[in-house]
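Have a look at the structure below, then the notes.
No lab work stands behind these numbers, since they all come straight from the coordinates. Given the structure is predicted, the values throughout are model-derived calculations rather than measurements. Note that each Cβ is placed from the backbone with ideal geometry, even for glycine, and that neighbours are counted across all protein chains shown.
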Amino acid sequence: MNKYLNPKSYLNFALNKFMKLLSPLIKSWEKKYVKKYANQPLKHQPVFIIGAPRTGSTILYQTLTNQLDVLYVDNLICKFHKNFFFGFWLSNKFFKHKAHNCFKSNHGDTSACGLHAPSECGGFWYRWLPADRHFIDYNDITDEMVIQIRDEITAIINYFDKPLIFKNLNAGQRLRLLHKCFPEAKLIFIKRNTLFTAQSILKAKRKVGIADTDFWSVMPKNVRELQNRNIYEQIINQIYFLEKQIVKDNRLFNNKNFLIINYKELEKTLEDVVTMCQKFINTHEKAKFQKAEIKVTEEISLKEDEIKAFQEQIEKLDWVNYSDK
């Protein structure tokens, strides 16, 4: 064992090496299944949870995938992101679509909950998309990319005959690609009070140990411009332009396939939110699951001058129509 790796890191390192060697063999095995099920009419539309960071998207994702009879990418599947169909097949053999009962995370990372906990799994999308930017425009999209993404996801949905929920907030900046792949896809847009979202982003930066002025998390189309702004202007504009892109591009989809959830609703009316999402996705509850207990934190915890600086930036922007003032 490498003396610089702890046992857990060494196990992951060895597993990744092992899977890399096996991947071509697995690809050969799953190819016939993908071809067979991708050529059938899509039985359920994929669902994408989108929004700005620190808006409650992870706990919403955890709650829906725990309580509803849906597919999702768990931490085991994500290890096979290059063999996605096989990953879902293997996860089903181990877990049988049981509830994961995981309601904790570390900035979206649920690895502490084990292999069945829901994963964002950016690795799947980075097979086709750049890692240094998140906005994907039409000139970034190729026919081959669309076919491959559509075929893999369609095959999984059709094989298991269940809706598939993705939570990877970068998807909100990739709606043009997603529309090409799945024009009838369903979108759940989670929003939060802008001031508390901004406060949470700044605190997250400080927790993970990056500079206040360093850009963190989901990047809007104009990220290069925002990197040169002061910290308060940068964060508020990050939220604004992420949401603006979503509002603009959701018009590509049928209005009935677009659902808005507010962060505050997750505590006071969680059961109503789950029921609303259940009807929206068109599925039913699992036979057995642990109900989520969510504590919504909406309290000022920064210094007064920092809150004032955020509020000044918020007031400069149009949060209703997302048009330039």
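Observations
- Residues in the stretch 154-178 reached by a label modelled at Tyr138 [backbone nitrogen below 20 Å; 7 Å Cα→Cβ]: 172-178
- Fewest-first sequence of Thr110, Thr213 by Cβ atoms within 10 Å of each Cβ: Thr213, Thr110
- One decimal place: the segment Ile210-Phe13 gains 68.3 nm when fully extended, by the rule 0.36 nm per residue minus the C-alpha distance.
- Taking a Cβ cut-off of under 10 Å around Asn257, the surrounding Lys, Arg, Asp and Glu residues balance to a net charge of +1, with basic ones at +1 and acidic ones at -1.
- Residue-count net charge about Lys35 - beta-carbon cut-off 14 Å; Lys, Arg +1, Asp, Glu -1: +2
- Helix 143-160 axis, angle to the chain major axis (alpha carbon atoms, nearest 10°): 70 degrees
- The structure shown yields P(r) over Cα pairs in 10 Å bins from 0, in percent, and of the options (i) 6, 26, 31, 21, 11, 4, 0; (ii) 6, 27, 36, 23, 7, 0; (iii) 5, 25, 34, 25, 10, 1, 0 that calculated value carries the label (iii).
- Packing-based order for 136-143, 122-129, using average beta carbon neighbours within 10 Å, highest first: 122-129, 136-143
- Among 111-119, 72-80, the peptide with the highest mean count of other Cβ atoms within 10 Å heads the list, and the full ranking is 72-80, 111-119.
- The helix-only estimate of mean residue ellipticity at 222 nm for the chain, built from DSSP H runs of length n ≥ 4 each weighted as -39500 (n - 2.57), is -15000 deg cm²/dmol after division by the residue total.
- In degrees, nearest ten, helix 84-95 long axis to first principal axis of the chain (Cα): 80 degrees
- For the stretch 239-325: rounded, prolate or oblate by the Cα gyration tensor [a/c cutoff 1.5]: oblate
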